[in-house]
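For reference, the structure is listed below as structure tokens.
The values are calculated or read from the model by the stated rules, or taken from the named source; none is laboratory data. Quick caveat: nothing in here was measured; it's all calculated off a predicted structure. Note that we place each Cβ from the backbone using ideal geometry, even for glycine, and neighbour counts take in every protein chain shown. Accessible surface is based on the protein model in full, side chains and every heavy atom, while ligands, DNA and RNA are left aside. Shrake-Rupley method; radii C 1.70, N 1.55, O 1.52, S 1.80 Å.
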Amino acid sequence: MSKANLLDRRQVVSTLLANRKDVVAIGGLGASTNDMCAAGDHVRNFYLWGGMGGAAMIGLGLALAQPGLPVLVITGDGEMLMGMGSLATIGLQKPSNLSIVVLDNEAYGETGGQTSHTSAAADLVGVARACGIGDSRAVTTMAEVEAFAKAIHDVSAGPRFANVKIDSASLERILPSRDGTYIVNRIRGDLGFQPI
Amino acid sequence: MHARADDTTAPNWPDDIFATLQRFDVRQVPYVPDAGHSKLIQRVLASSTMRGIALTTEEEGVALLAGAWAGGQRGVLLMQSSGVGNCINMLSLIPILRFPFLTLVTMRGEWGEFNPWQVPMGSTTQGVFELSGVQVLRASDAAEVPAVLEAAAAQAYNALTPTAVLLSQRLIGAKVFTK
């Protein structure tokens, strides 16, 4: 199944988060959330176990609330396709501190590997660019991943979007907490917000 | 256009809503364009403290408000009854993440509705919310809007009780198409 020239998802995500500093990271429903946890649990990780299609919008709400903080959404092609309209909403708002990475294996890995629209027709980079996200990149090398990981920290030059072609290997699941209230309150606490 | 039999002046209740939202320090206002909310949307877009965020579909707004809360801001989702059905799965984020959720819904499909296509969703709006764990309050005339909004905002933001305010078609005025 996997093609030789495709990137390893865990390596991509750990590279994106290696020097994360103050980044708040949102993982999409599915393997991307596991990948984030595999790179190391972090108080500023926002793991999704549901609400498919919502990752980019959670990122937008957070980015608008905290314009000085880099906000990074890491999701999959299936999750992004479901919330594709949110790229239009983000293109309109142009939050300069928001970055979106799609881990594109052209398949729904969680549900048995059914092919996704990106395997044949849909070009998410084209969609993002056409929605007004000027910095929209197709990523196929680790050097490009490293360049994007650096760019995330420039909170004045986004929004930016990267579609990373990854291999379709099914990896051991590294499961983060699935207590949503804990996850969100942990982020709020780290940002200095008290419980109600 | 909207018309009311007993009132031809511009309604003031959207100003009352705006004032309440301002008092509760609401910062993010996602909306799907809607005639009933048009005056409130104008007020929001002209505001220096609130950010109006046009959506392509209503469920985007539920996810947006979850992110806003994680980042320390309050928001309110403006939509029409027909959009409530679009939100159902995303509403599951509210009890899971336990963030303050307030939505103001202009109603169609009731009180003199001329378009049968609006009736199925308008008739089930309240039930959809209640099945999804969102409490429903209703305002049927302009005089009760301030008190209903105050109650809704207080329980949503202070008690983390997900709340929808249905702004009835009687309040907004039934849509009329004239030839």
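Let me spell it out: the conditions are (1) closer than 29 Å to B:Arg51 by Cα; (2) touching a helix residue (DSSP H, G or I) at 6+ places or on another chain (Cβ under 8 Å); (3) open to solvent by 30 Å² or more (accessible area, probe 1.4 Å), and A:Asn97 meets all of them except one. Which number is the exception?
Here A:Asn97 clears every test but (3).
Go through the stretch A:130-141 residue by residue and tally those that are under 17 Å from A:Lys165 (Cβ atoms) and open to solvent by 30 Å² or more (accessible area, probe 1.4 Å).
Selection size over the stretch A:130-141: 4.
From A:Val71, A:Val43, which residue is in contact with a strand residue (DSSP E or B) (Cβ under 8 Å, 6 or more places away or on another chain) and either more than 25 Å from B:Ile88 (Cα to Cα) or not charged (D, E, K, R) (or both)?
A:Val71
Among the residues of the stretch A:139-183, what is the count of those that are within 10 Å of chain B (Cβ to nearest Cβ) and touching a strand residue (DSSP E or B) at 6+ places or on another chain (Cβ under 7 Å)?
Adding up the residues that qualify gives 1.
Please go through the stretch A:26-68 and give me each residue that is facing chain B (nearest Cβ under 8 Å), in a loop (DSSP other than H, G, I, E, B) and open to solvent by less than 20 Å² (accessible area, probe 1.4 Å), ordered by number.
Across the stretch A:26-68, the qualifying residues are A:Gly51, A:Gly53, A:Gly54.
Of the conditions (1) open to solvent by 30 Å² or more (accessible area, probe 1.4 Å); (2) at pLDDT 95 or above; (3) away from chain B (no Cβ under 11 Å), A:Gly112 satisfies every one except a single condition; which number is it?
It is condition (2) that A:Gly112 fails.
What number of residues within the stretch B:18-45 satisfy the criterion of being away from every other protein chain (no Cβ under 11 Å), open to solvent by 70 Å² or more (accessible area, probe 1.4 Å) and not in a loop (DSSP other than H, G, I, E, B)?
The qualifying residues number 5.
Cβ-Cβ under 6 Å, sequence separation 6+ or interchain: first residue in the stretch B:38-56 and within 20 Å of B:Gly67 (Cα to Cα), partner open to solvent by 90 Å² or more (accessible area, probe 1.4 Å) and of a type in the set (A, V, I, L, M). Which pairs?
Once the first residue is within 20 Å of B:Gly67 (Cα to Cα) and sits in the stretch B:38-56, its partners that are open to solvent by 90 Å² or more (accessible area, probe 1.4 Å) and of a type in the set (A, V, I, L, M) give B:Gly52/B:Leu45.
Are any residues in the stretch A:72-94 open to solvent by less than 10 Å² (accessible area, probe 1.4 Å), more than 8 Å from chain B (Cβ to nearest Cβ) and over 23 Å from A:Ser170 (Cα atoms), and if so, which ones?
Selection gives A:Leu72, A:Leu87, A:Ile90, A:Gly91.
What are the residues in the stretch A:184-193 that are surrounded by fewer than 13 Cβ atoms within 10 Å (Cβ to Cβ) and either under 30 Å from A:Thr141 (Cβ atoms) or within 10 Å of chain B (Cβ to nearest Cβ) (or both), if any?
The answer is A:Gly192, and nothing else.
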